[in-house]
There are 2 protein chains.
Amino acid sequence: MNHKPTDLLPEPTLRRLPWYLAYVTMLRADGVEYVSSTRIAENLAVDASQIAKDLSFINIKGKTRIGYEVATLEVALREYLGFSQRHNAVIVGAGSLGGALLQDSGLHRYGLNIVAGIDSDPAVAGTQIAGIPIYAPDRMGSLVRDLGVSIGIVTVPVESAQSVANALVEAGVRALWNFTPTRLRVPEGVVITNTSIYSHLAVMYNRLGTLPEK
Amino acid sequence: MNHKPTDLLPEPTLRRLPWYLAYVTMLRADGVEYVSSTRIAENLAVDASQIAKDLSFINIKGKTRIGYEVATLEVALREYLGFSQRHNAVIVGAGSLGGALLQDSGLHRYGLNIVAGIDSDPAVAGTQIAGIPIYAPDRMGSLVRDLGVSIGIVTVPVESAQSVANALVEAGVRALWNFTPTRLRVPEGVVITNTSIYSHLAVMYNRLGTLPEK
């Protein structure tokens, strides 16, 4: 049963699938064998018909009255989401956030294999962070080529973000994961994913500021 | 000039404002005094009329032919976004990702003041990470109250995420920043912000898997 993603799934669906995975992983740990879409719906506050639709994208259908087999659903979701594969990545900018991500072993469990860090600070290049070697920027091309790197993670300061993105694309990565608070331009055919945690802070502060006083 | 957020800004606007801030911060560092919305538009690939509209939300208007004053715009954006204030937060779950965030000093520059970590592992509680003390869960209530904590950051494993969220709300935080790959339910009036970096990975893997072979 190999659900290799051949279709471009709608992003909202792709964002909900990990919720289902987290939930069924918990159920399996609790020894639950079957789960209905109604129960998933109640637990995650997602419409039951939406859940059935989302899961049909990955060719999973529940049985009438019994629901979904928990173990099957877990494996199918994990495979479909690419979490059971290994995606080689380099992280450029081993400073504060970059260094933090290098130490997050959780990423590895979700299929991200950070093979190297790259940093322009001569005091950092040549060291290791959490066992991962850090190299100088002039090694980028050979690292990407020799280690089969498809993903470049950008955690440099804003002012060098675009030039680092250009260098990574030039070196041959096929996707950029941008953690900087700026927008990166990439050529067509290169995947760009933005995780702007500082933008999320801005949204949270605004919502906090507009709450009625307690 | 205090642009305290009294209005609930549209989330897309709130997500773009940090891009403008990052860009004008760079311009100021380069000694640029004025910038037109056209130039911002070209650099960030956002429509110029959209930029003018976004900036009008924070009461910033450009001058005809000259554009926006860079230094004024920078200060106004930073203030409006809440980055120049201090928001006290606790982080619950000082494991892999939580420990990493405790070490990200970048958050501090964006107004987030992590005053304490909380972890149920007796080997971790009582220690410090990056100079921030880690406490046992039974201290949550007093920490939130005594240190004026408004934000709870949730970086525990999925199976304890909802109970931690409940405890944080009970303790009195007014916003939750959820880094777990599950959905958290909170009572009305509590702000919830999700940064599901594993969902972002799922989107990136899917897009990578659907690229034509090189």
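Results, tabulated for the structure shown:
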item	result
Whether the stretch A:87-200 is rounded, prolate or oblate, judged on the alpha carbon gyration tensor where a/c under 1.5 counts as rounded	rounded
Calculated over the protein assembly as shown: convex hull of Cα atoms, volume per residue (Å³)	158
Charge-dipole axis of chain B as Lys and Arg at +1 and Asp and Glu at -1 on Cβ define it, positive-most pick from B:Leu107, B:Thr182, B:Val124	B:Leu107
Non-local Lys pairs in chain A, i.e. 8 or more apart or on different chains, that have alpha carbons under 21 Å apart	4
Within the stretch B:17-63: Cβ-based charge dipole about Cα centre, in debye rounded to nearest 20 (Lys, Arg +1; Asp, Glu -1)	160
Lys, Arg +1 and Asp, Glu -1 on Cβ, resulting dipole of chain B about Cα centre, debye, nearest 20	480
Options B:Ala76, B:Thr13, B:Gly31, ranked by Cα towards positive dipole end of the stretch B:1-93, top entry (Cβ charges)	B:Ala76
Relative packing of peptides A:138-147, B:90-99, B:9-18 - highest average C-beta neighbours within 10 Å first	B:90-99, B:9-18, A:138-147
Per-residue Cβ neighbour rank within 10 angstrom, fewest leading, B:Ser199, A:Ser36	A:Ser36, B:Ser199
Test item: B:98-111 mean partner chain Cβ contacts at 10 Å	5
Other protein chain Cβ atoms within 10 Å, averaged over every residue that makes up A:80-90	3
In sequence order, calculated HN-Hα J values of the stretch B:82-98 (Karplus, 6.51, -1.76, 1.60; Hz; x Gly/Pro)	x, 6, 9, 8, 10, 10, 6, 9, 10, 10, 9, x, 9, x, 5, 6, x
A:Ile129 long-range amide H proximity, modeled H, under 5 Å	A:Ile134
Mean separation of Cα contacts under 8 Å, 6 or more apart, over the residue count of chain B: relative contact order %	14
Order of A:Glu188, B:Glu74, B:Glu33, B:Glu69 - criterion: other Cβ atoms within 10 Å of each residue's Cβ, fewest first	A:Glu188, B:Glu33, B:Glu69, B:Glu74
Compactness index (Cα Rg / 2.2 N^0.38 Å), chain A	1.19
Degrees between helix B:70-80 axis and first principal axis of chain B (Cα, 0 to 90, nearest 10)	30
Spread of Cα-to-Cα distances over 5 Å intervals beginning at zero, given as percent, for the stretch B:52-153	2, 12, 19, 17, 12, 8, 8, 8, 6, 4, 2, 1, 0
Acute angle (nearest 10 degrees) that the helix B:48-57 long axis makes with the longest principal axis of chain B, alpha-carbon atoms	60
Extent along principal axes [Cα atoms of the stretch B:11-80; Å; largest to smallest]	31, 24, 21
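A short reminder: the numbers here are calculations on the coordinates, not readings from a lab. Here the structure is a predicted model, which is why all the values come from computation and not from measurement. We place every Cβ from the backbone using ideal geometry, glycine too, and count neighbours over all the protein chains shown.
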